[in-house]
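Scroll down for the structure; my scribbles are underneath it.
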Amino acid sequence: MEIEFHNREKEIEKIKRILSYRPDSIYFVYGPINSGKTELFQHLIKSLPKEYKAFYINLRGVYVGKAEDFLTVLFDVEEKEYDFKEFVKILIDYLPEKVELPLVGRIPVPKNLFKKFFEEKGYDNAFKYLESLFLSLSTKFKPILIIDELQIIGDLKVDGFLIYKLFNFLIHLTKELHACHVFTITSDSLFLEKVYNEALLHGRCDYLLVDDFNYNTTVSFLSKYGFSKDEIELIWNYFGGKPVYLVKAIKNRHRLKEFCEESLEDSVSSILYRVKSLRRENENLFNQVITLLKHFEESETTECDEISDEVVWTIKNNILFLDPRKRLLKPQSRLDLLAIRKLLRELS
């Protein structure tokens, strides 16, 4: 059975509205893990008119330890050698003829120009190439640059942190040149908190939350696959609107109650092992974490005005999600909320 993309009309409408204007901002797309951020953009790209050309860079699962690693992920190197003007002309002719969908993939570059990126001031060369390329493409197309899991390069240093060089370039590309729409996607809320409080980006970026499905959307989604009201309530009570678990529930419908209970036990065990390991390593931090988790015994969210050590630990361990714009902490999923509550009962 193929599981169809479902009901992100609100987010899709907002993104399409952004794309209808000239580029003037960087957009940070954020949300809890597995909330459907990447799938949303992959679906959206396929539905765009052909004048849009989306360059999609996925850093998920990629090791980026040095400058060369990032450049290798960013660019799709053509084996032939061209000068820039010749290559751009070929590219402009090629895109509508050979690339039927708006999705292009990584950013194409001739081999000889790519080699220059590794010379002195390599990033400056790469950024100059990107600037010239997007300006040239924008005369005929509407370019979109999407960088998924941008936080991967957050700590990479190349004469200072690479991320700040990239931010400066993306600001130049959008706010000043209006040459390309830019979206970055992240599920790392600590990274997003740094971005949100970065003075360099104030007034130059905006944010788009892609959260789990709400109750009505969850009911609508599961009803398409013939689930009864009781089955839907069971799934919602365990998983809320987490898309990845809704899909798993569809696949495990023949053993639904058992699947729900197993998933909760897996989540409890996963958090329990991490918390007990922390207790052995740092008793004081363990106590702070437990105090923080107790906020969720009766509530689904809690206010967060400070990024304390216990907040950092729970986020890094994918237990809690921080929305820095609302200054709220919540479990990464309803399943994690239930697991936290059961864990606290077992530890009491």
Roll a 1.4 Å probe over the protein heavy atoms and report the accessible area of R279 in Å², nearest 10. 110
Please work out the Cα center distance from the stretch 26-49 to the stretch 207-276, rounded to the nearest Å. 21
So the carbon and sulfur contribution to the accessible area of the chain, 1.4 Å probe, in percent, is 47
Roughly how much of K80 is accessible, in Å² to the nearest 10, using a 1.4 Å probe? 140
How large is the helix-only mean residue ellipticity at 222 nm for the chain, computed as the sum of -39500 (n - 2.57) over DSSP H runs with n ≥ 4, divided by its residue count, in deg cm²/dmol to the nearest 500? -15500 deg cm²/dmol
Over 26 Å between alpha carbons, listed pairs K53/K242; K14/K46; K46/K115; K14/K50; K140/K175: K53/K242; K46/K115
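Is the C-alpha gyration tensor of the stretch 277-348 telling us rounded, prolate or oblate? Criteria: a/c under 1.5 is rounded; beyond that, a/b larger than b/c is prolate, otherwise oblate.
Oblate is the answer for the stretch 277-348, as a/c is 1.5 or above yet b/c matches or exceeds a/b.
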Identify all aspartates and glutamates with a Cα-Cα distance to K10 below 20 Å; exclude those on the same chain that are fewer than 8 residues away in sequence. E39, D206, D211, D212, D323
Set of lysines with alpha-carbon distance to K194 below 16 Å, sequence-local pairs under 8 removed: K165, K316, K326
Return the distance in nm (one decimal) between the two label points of a simple spin-label model at N112 and V312, each offset 7 Å from Cα along Cα→Cβ. 4.9
Hey, can you find the accessible area per residue of the chain for me, probe 1.4 Å, expressed in square angstrom? 50
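The values are calculated or read from the model by the stated rules, or taken from the named source; none is laboratory data. Everything numeric here is computed off the predicted structure, so don't read it as measured data. Note that we place each Cβ from the backbone using ideal geometry, even for glycine, and neighbour counts take in every protein chain shown. The accessibility values were calculated without ligands, DNA or RNA, using every heavy atom of the protein model including side chains. Shrake-Rupley method; radii C 1.70, N 1.55, O 1.52, S 1.80 Å.
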